[in-house]
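Q: Sending over a structure as structure tokens; questions will come in a sec.
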Amino acid sequence: MSWTYDGNPSTSNRDAVRFLLGDTDSKDKQLQDAEIAWLLSQNNDSVYLAAAQGAEQLAAKYSRLVDMGVGDLNYSYSQRQKSYVDLASTLKAQAV
């Protein structure tokens, strides 16, 4: 599977979806190129609706993980899940 981001959302719908999701760090990949292509195809190439659906998918992914901590190190997946839920709502509103 591939993950690409060219850094210019105005040149491709894939990059626009990544930009809207904040999925621009190659060291913290969230969605594969093929997944974004599918989201775009399901949403008539609307980058905002595709990004909203992507945010919902990522919220579902992180909802399956539990918060945990070891010593001073903590992982708050519930906070990440909530952020994606909120982002999905914002993106849906912008798509209108």
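Q: Using mean Cβ contacts within 10 Å as the protection proxy, how do 48-59, 15-26, 31-42 order, highest first?
A: Top to bottom by mean Cβ count within 10 Å: 48-59, 15-26, 31-42.
Q: Once both axes come from the Cα atoms, what is the angle between helix 77-95 and the longest principal axis of the chain, in degrees from 0 to 90, rounded to 10?
A: 20
Q: Moving on. Could you go through the stretch 19-24 in sequence order and give the Karplus-derived ³J(HN,Hα) for each residue, using 6.51 cos²θ - 1.76 cosθ + 1.60 with θ = phi - 60°, rounded to whole Hz, and x for Gly and Pro?
A: Once θ is set to phi - 60°, the couplings for the stretch 19-24 become 4, 5, 7, x, 8, 10 Hz.
Q: Select from Leu91, Gln30, Ser78 the residue farthest towards the positive end of the dipole of the chain; place +1 on Cβ of Lys and Arg, -1 on Cβ of Asp and Glu, and compute about the Cα centre.
A: Ser78
Q: So if I place +1 on the C-beta of Lys and Arg and -1 on the C-beta of Asp and Glu, and nothing else carries charge, what would the dipole magnitude of the stretch 33-96 be about its Cα centre? I want it in debye, nearest 20.
A: For this selection, approximately 160 debye.
Q: Return the inverse of the average 1/r over all pairs of distinct C-alpha atoms in the chain, which is the Kirkwood hydrodynamic radius, in Å to one decimal.
A: Value: 13.8 Å, from the Cα pair sum.
Q: Kindly state, to the nearest 0.05, the FRET efficiency for Lys27 paired with Val96, given R0 = 30 Å and r defined as their beta-carbon distance.
A: The computed FRET efficiency comes out at 0.35.
Q: Taking a cut-off of 16 Å between Cα atoms, list the lysines near Lys61, but don't count ones fewer than 8 places away on the same chain.
A: Here the lysines satisfying the reach criterion relative to Lys61 are Lys29, Lys82.
Q: Through the Karplus equation 6.51 cos²θ - 1.76 cosθ + 1.60, θ set to phi - 60°, convert the phi angles of the stretch 43-48 into ³J(HN,Hα) values in whole Hz; use x for Gly and Pro.
A: For the stretch 43-48, the Karplus-derived couplings read 10, 6, 6, 6, 5, 5 Hz, x marking Gly and Pro.
Just so you know, all these numbers are worked out from the coordinates, no wet-lab data involved. No experiment lies behind these values; they were computed from the predicted model shown. Heads up, the Cβs are rebuilt from the backbone with ideal geometry, glycines too, and the neighbour counts pull from every protein chain shown.
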